[in-house]
Amino acid sequence: MSENIYHDSAIKHITGESVYIDDMLVNEQLLLGKVYFSRHAHAKIKKLNIKKALKVKGVHAILTAKDIPGENQMGPIVHDEQCLAEKEVTFIGQAIALIAAENAEAIFEAEKLIEIEYEVLESVLDIETAIAKNQLIAPPRKIERGSPDEAMKSSPHVFKGELRTNGQEHWYLETQTALAMPGEGKEMMIHASSQNPTETQAIVAEVLGLQKNEVEVEVKRMGGGFGGKETQGNHVAAWAALLANATKRPVKIHLFRDDDQIMTGKRHRYLSKYEIGFNEKGQILAYKVEFNADAGSSTDLSMSILERAMLHADNAYFLPNVRIIGNAWKTNLPSNTAYRGFGGPQGIAVIENAIDKIARFLKKDPTEVRLQNFYNQEPNIYTPYGQKIENNHLFKMYDKLIVSSEYFKRRKEIEIFNKENEFSKRGIALTPVKFGISFTTSFLNQAGALVNIYTDGTVLVNHGGTEMGQGLHTKMLQVASSELGVTPDRVKVSATNTSKVPNTSPTAASSGSDINGMAVKNAIDIIKSRLLDVVIPELDKLNSTTETSKENVVFEKNFIYDKELPGKKIAFDDIVKLAHFKQVSLSSTGYYRTPGIYFDREKGQGIPFFYFSYGMSVSEVEIDTLTGQHKLLRTDIIHDVGDSINPGIDKGQIEGGFVQGMGWVTTEELKWDKKGNLITHSPDTYKIPTVNDIPKIFKVEILNDVPNPGTIRRSKAVGEPPFMLAFSVWLAIKDAISAVGNHHFEPDFSLPATYEVILLEAEKIKKNKKQVSAGILVSKQ
Ligand code: MTE
Ligand code: HPA
Ligand code: MOS
């Protein structure tokens, strides 16, 4: 049974009791660390002199590449990322030197005294230039089915187009932070803000030249990760570890907000080119798409992210003939990285925009065209990579949402509103999401746990997942509580620690509760089976007539009983004490691997996902055609989370994911100057959503009665899929802009649809409208 228990940290966050790394009490030995970084996008380092800086009072160490005892590298998959730049810098924000000092003043003083000379080299700052220079970061990828070329030729209608989707800054509330504490001998303990403690451990060991067993990484919680700490939380940890190792004192690095925005990678911007063939009904007959990702200066996760974009090129739609090409290009910007959706949003944006165009061309409601193309029944239930779509909830959601959102009624009201208002226009859109759950890198789909029961009957759960605000620890606490039959107050989830659960996968791909939940259950199943040997003789003592069989034993609410004799209960605590007395172990590890999934990258075929999560949303916006401002009037969402483990947390994820997606599609804009400096590197120039931006009416419904077979408590992953529900806002804005020209013109559209974009497009259409009435321009199509 699902339960709405509070998020583990709800009260602690509000009262300020939650301990983040920056709040940790260390000791008077603590030094502050700072990263001295490149001011050029591409340059040779001709001279680097730290002598004067080292003399500043309070400075304990300044390290450069030559001071790294191990390997100078921190690339997570491909070793193409230096920990400290040696001879050349390849982006603005790249670490060159590290300073450890007793206080901030000393650091700033030292920073000013570092002498550096660069020889500036030519830099590549956009995808087009990278393409022109053929700067592929890895070989292109392809997924193909049917005969896209022939089907395109024989399609009654064909559109060709391009779509730009911009990047996105993670804006986790806690910037990248790490605290490194040297121990005995070579030991190094790291308190990390990392979604991937195991990889943090590996990278720290590598740069220090240590064995993994000498490095311990602990993650209590992150103040948000959103993918930005899947690999790039490793960096600060490696830097802090180097300083701690050099000074033999604890060192903390906590990036300033602006530095974090300048130095770290973001969601990849994409330049996507597509061609889509369709018939009079709006059915897609052929689709060709080429994704071009701006990888930044190194590989990081770009290829996995590109793969997920390709695997989501279809979104919820059956594409009979399809070719999907993926390229990732090297530029002189910070290496772009994971961000909620992990390429899914970039892949889905293209087809959603294309479908919208089809509808406008055919003068149909885009919703109808979407419905036409949903995966439906054999043979139209195979994805381009060959995975069969099972337990498809799209139609159920569509039927419900069309009614609950009063879509068609509001569509009519909007038409009237738009006729009556010259300077305000409204628009509405419905968009679906189908999101594949599992790491596409199949081996990552494994997890471990360690469950300890203490002799007072309390339980400590350790698992491989990290808490970043998504409520994973709370869900794991609930899983342990219900599997073990003890009340939640008896259970605690510990900080994530590489010494307790080793060799873990990152907490990512929304799979945290799926895989760690199963590992926790596995550990508990093992302990329970041991306890049964203790329990059964005790139950038999209470029951003089029959013998209790294992299958009949129930663990529930701190008691254990035979389900045929529910009146005769034994306290869980008593059994635990007895078990210890009888020399039965009360602790076990647990393990899980997701069964049956694989993906052949060469062929572009396989079953990469254990299942799909579905969602659907309707948004209505109003734009002001004189200022370009938009207001989000109402959003209705239906989302599928299987049997929710915690509906309150899931609803929070749905709302939060949607709002974060809304930021990406509307106001969040990354801009660089001609030298590669990020111009929008602070909260006053980079606009994330605030409470004022959420929909005025916001209705979120969890789809009922859809248990998910084969997952922990029949639940579904929820972390990322709702992000993509925000396309309804983006396309509602497009609909409103299109209303400026009475839907006779297709707005030129990109993402985000900022106020500026809205204003310029509305202006353009106004001009076109005038030209049409003067008889010059008829139609763009
Ligand atoms: N929710 C909060 N509050 N903070 C976060 O950093 N990250 C998201 C999502 N929801 C995030 C979040 C991302 S990118 C992922 S992959 C998942 O949570 C990871 O956690 P899960 O696997 O436990 O869902
Ligand atoms: N999602 C997030 N992280 C990943 C994935 C994924 O699908 N594959 C590899 N790392
Ligand atoms: Mo989430 S982008 O998979 O960390």
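The values are calculated or read from the model by the stated rules, or taken from the named source; none is laboratory data. This one's a predicted model, so the numbers in the text were calculated from it and none came from an experiment. Cβ placement follows ideal geometry from the backbone for every residue including glycine, while neighbour counts extend to all protein chains displayed. Note: areas computed on protein heavy atoms with side chains; ligands, DNA, RNA excluded. Shrake-Rupley method; radii C 1.70, N 1.55, O 1.52, S 1.80 Å.
Going by what's in this entry, would Ala354 be described as among the small types (Gly, Ala, Ser), in contact with a Phe, Trp or Tyr (Cβ under 7 Å, 6 or more places away or on another chain) and either more than 16 Å from ligand 1 (Cβ to nearest atom) or open to solvent by less than 20 Å² (accessible area, probe 1.4 Å) (or both)?
Details: among the small types (Gly, Ala, Ser): yes; in contact with a Phe, Trp or Tyr (Cβ under 7 Å, 6 or more places away or on another chain): yes; either more than 16 Å from ligand 1 (Cβ to nearest atom) or open to solvent by less than 20 Å² (accessible area, probe 1.4 Å) (or both): yes.
So Ala354 passes the test.
Answer yes or no as to whether Gly227 is within 16 Å of ligand 2 (Cβ to nearest atom) and free of Cβ contacts under 8 Å to residues at least 60 places away in the same chain. First the steps, then the outcome.
Numbers: within 16 Å of ligand 2 (Cβ to nearest atom): yes; free of Cβ contacts under 8 Å to residues at least 60 places away in the same chain: no.
No, not satisfied.
Which pairs have Cβ atoms under 7 Å, sit 6 or more apart or on different chains, and link a residue in the range 732-748 that is over 12 Å from Lys363 (Cα atoms) to one that is acidic (Asp, Glu)?
Listed by first residue and then by second, the contacts come to Ala732/Glu620; Lys734/Asp356; Ala736/Glu622; Ile737/Glu761; Pro747/Glu761; Asp748/Glu761.
Give me a count of the residues in the range 491-541 that are open to solvent by 30 Å² or more (accessible area, probe 1.4 Å) and among the polar types (S, T, N, Q).
Number satisfying all stated conditions: 4.
Sort out which residues of the range 553-570 are open to solvent by 100 Å² or more (accessible area, probe 1.4 Å) and of a type outside the set (Lys, Arg), and write them in order of number.
Glu564
Being more than 15 Å from ligand 1 (Cβ to nearest atom), within 19 Å of Tyr591 (Cβ to Cβ), surrounded by fewer than 24 Cβ atoms within 10 Å (Cβ to Cβ) and of a type in the set (A, V, I, L, M, F, W, C) is true for just one of Leu444, Leu460, Leu484. Which residue is that? Outline the logic, then answer.
Working: Leu444 fails: more than 15 Å from ligand 1 (Cβ to nearest atom); Leu484 fails: surrounded by fewer than 24 Cβ atoms within 10 Å (Cβ to Cβ).
Leu460 is the lone residue from the list that is more than 15 Å from ligand 1 (Cβ to nearest atom), within 19 Å of Tyr591 (Cβ to Cβ), surrounded by fewer than 24 Cβ atoms within 10 Å (Cβ to Cβ) and of a type in the set (A, V, I, L, M, F, W, C).
Filter the range 319-349 down to residues that are touching a helix residue (DSSP H, G or I) at 6+ places or on another chain (Cβ under 7 Å) and assigned to a strand (DSSP E or B) and give me whichever is farthest from ligand 1 (Cβ to nearest atom).
The extreme case among them is Arg323.
Among the candidates Phe723, Phe749, which residue alone is open to solvent by less than 10 Å² (accessible area, probe 1.4 Å) and touching a helix residue (DSSP H, G or I) at 6+ places or on another chain (Cβ under 7 Å)?
On the way: Phe749 fails: open to solvent by less than 10 Å² (accessible area, probe 1.4 Å).
Going through Phe723, Phe749 in turn, the sole match is Phe723.
Out of the residues in the range 296-314 that are under 17 Å from the mean Cα position of the chain (by Cα) and either under 17 Å from Ile355 (Cα atoms) or among the aliphatic types (A, V, I, L, M) (or both), which is surrounded by the fewest Cβ atoms within 10 Å (Cβ to Cβ)? Before you say what the answer is, go through the steps one by one.
Initial filter on the range 296-314 (under 17 Å from the mean Cα position of the chain (by Cα)): 300-312.
Narrowing further to those that are either under 17 Å from Ile355 (Cα atoms) or among the aliphatic types (A, V, I, L, M) (or both): 301, 303, 305-306, 309-312.
Values: Leu301: 28, Met303: 22, Ile305: 29, Leu306: 27, Ala309: 30, Met310: 24, Leu311: 26, His312: 27.
My answer is Met303.
Right, Arg308: assigned to a helix (DSSP H, G or I), within 16 Å of ligand 1 (Cβ to nearest atom) and among the charged types (D, E, K, R) or not?
Details: assigned to a helix (DSSP H, G or I): yes; within 16 Å of ligand 1 (Cβ to nearest atom): yes; among the charged types (D, E, K, R): yes.
Considered against the rule, which asks whether it is assigned to a helix (DSSP H, G or I), within 16 Å of ligand 1 (Cβ to nearest atom) and among the charged types (D, E, K, R), Arg308 comes out as yes.
Can Gly471 be described as closer than 30 Å to Leu484 by Cα, under 18 Å from the mean Cα position of the chain (by Cα) and either within 16 Å of ligand 1 (Cβ to nearest atom) or open to solvent by 10 Å² or more (accessible area, probe 1.4 Å) (or both)? Steps first, please.
Values: closer than 30 Å to Leu484 by Cα: yes; under 18 Å from the mean Cα position of the chain (by Cα): yes; either within 16 Å of ligand 1 (Cβ to nearest atom) or open to solvent by 10 Å² or more (accessible area, probe 1.4 Å) (or both): yes.
Considered against the rule, which asks whether it is closer than 30 Å to Leu484 by Cα, under 18 Å from the mean Cα position of the chain (by Cα) and either within 16 Å of ligand 1 (Cβ to nearest atom) or open to solvent by 10 Å² or more (accessible area, probe 1.4 Å) (or both), Gly471 comes out as yes.
Let's see how each residue does on (1) under 29 Å from Ser682 (Cβ atoms); (2) open to solvent by 10 Å² or more (accessible area, probe 1.4 Å):
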site	(1), (2)
Lys212	no, yes
Lys220	yes, yes
Val236	yes, no
Trp239	yes, yes
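Residues checked against (1) within 26 Å of the chain's Cα centre (by Cα); (2) among the basic types (Lys, Arg); (3) within 16 Å of ligand 2 (Cβ to nearest atom); (4) more than 22 Å from Arg714 (Cβ to Cβ):
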{"position": "Thr507", "(1), (2), (3), (4)": "yes, no, yes, no"}
{"position": "Asn516", "(1), (2), (3), (4)": "yes, no, yes, no"}
{"position": "Ala519", "(1), (2), (3), (4)": "yes, no, no, no"}
{"position": "Ser549", "(1), (2), (3), (4)": "no, no, no, yes"}
{"position": "Pro566", "(1), (2), (3), (4)": "no, no, no, yes"}
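Residues are listed down the side, and each one gets a yes or a no for (1) crowded, with 22+ Cβ neighbours inside 10 Å; (2) touching a Cys at 6+ places or on another chain (Cβ under 8 Å); (3) β-branched (Val, Ile, Thr):
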{"site": "Val251", "(1), (2), (3)": "yes, no, yes"}
{"site": "Phe256", "(1), (2), (3)": "no, no, no"}
{"site": "Asp259", "(1), (2), (3)": "no, no, no"}
{"site": "Thr264", "(1), (2), (3)": "yes, no, yes"}
{"site": "Val289", "(1), (2), (3)": "yes, no, yes"}
{"site": "Asp294", "(1), (2), (3)": "yes, no, no"}
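Test Asn332 against the stated conditions and say whether it is modelled with pLDDT of 95 or more, within 16 Å of ligand 2 (Cβ to nearest atom) and crowded, with 24+ Cβ neighbours inside 10 Å.
Numbers: modelled with pLDDT of 95 or more: yes; within 16 Å of ligand 2 (Cβ to nearest atom): no; crowded, with 24+ Cβ neighbours inside 10 Å: yes.
No: the conditions fail for Asn332.
Name the pairs whose Cβ atoms lie under 8 Å apart, with the first residue in the range 147-161 and farther than 13 Å from Ile276 by Cβ and assigned to a helix (DSSP H, G or I), the second at pLDDT below 95 and open to solvent by 20 Å² or more (accessible area, probe 1.4 Å), and 6 or more positions between them or separate chains?
Note: no pairs meet the criteria.
Have a look at Phe658, Phe612 and point out the one that is modelled with pLDDT of 95 or more, under 27 Å from Ser304 (Cβ atoms), open to solvent by less than 30 Å² (accessible area, probe 1.4 Å) and not in a strand (DSSP E or B). Outline the logic, then answer.
Working: Phe612 fails: not in a strand (DSSP E or B).
After applying the criteria, what remains is Phe658.
Looking at the range 224-277, which of its residues are among the polar types (S, T, N, Q) and away from ligand 3 (no atom under 16 Å from the Cβ)? Reasoning before the result, please.
Taking the range 224-277 first, the residues among the polar types (S, T, N, Q) are 231-232, 234, 245, 247, 261, 264, 272.
Scanning the range 224-277 gives Asn245, Thr247, Gln261, Ser272.
Quick check on this structure: which one of Gly628, Gly596, Gly567 is more than 16 Å from ligand 1 (Cβ to nearest atom), small (Gly, Ala, Ser), at pLDDT below 95 and not in a strand (DSSP E or B)? Before you say what the answer is, go through the steps one by one.
Details: Gly628 fails: at pLDDT below 95; Gly596 fails: at pLDDT below 95.
Step by step, each of Gly628, Gly596, Gly567 is checked, and only Gly567 is more than 16 Å from ligand 1 (Cβ to nearest atom), small (Gly, Ala, Ser), at pLDDT below 95 and not in a strand (DSSP E or B).
When you go through Leu271, Leu242 one by one, which is the residue that is more than 16 Å from ligand 1 (Cβ to nearest atom) and within 30 Å of Ala132 (Cα to Cα)?
Values: Leu242 fails: within 30 Å of Ala132 (Cα to Cα).
Every option except Leu271 fails the conditions.
From the residues in the range 697-712 that are in contact (Cβ under 8 Å) with a residue 40 or more places away in the chain and outside any strand (DSSP E or B), which one is nearest to Val520 (Cα to Cα)? Before the answer, list the steps.
At the first step, the residues of the range 697-712 found to be in contact (Cβ under 8 Å) with a residue 40 or more places away in the chain are 697-703, 706-712.
This time we only want the ones that are outside any strand (DSSP E or B), so: 703, 706-712.
Working: Leu703: 26, Val706: 23, Pro707: 20, Asn708: 18, Pro709: 18, Gly710: 15, Thr711: 13, Ile712: 10 Å.
The selected residue is Ile712.
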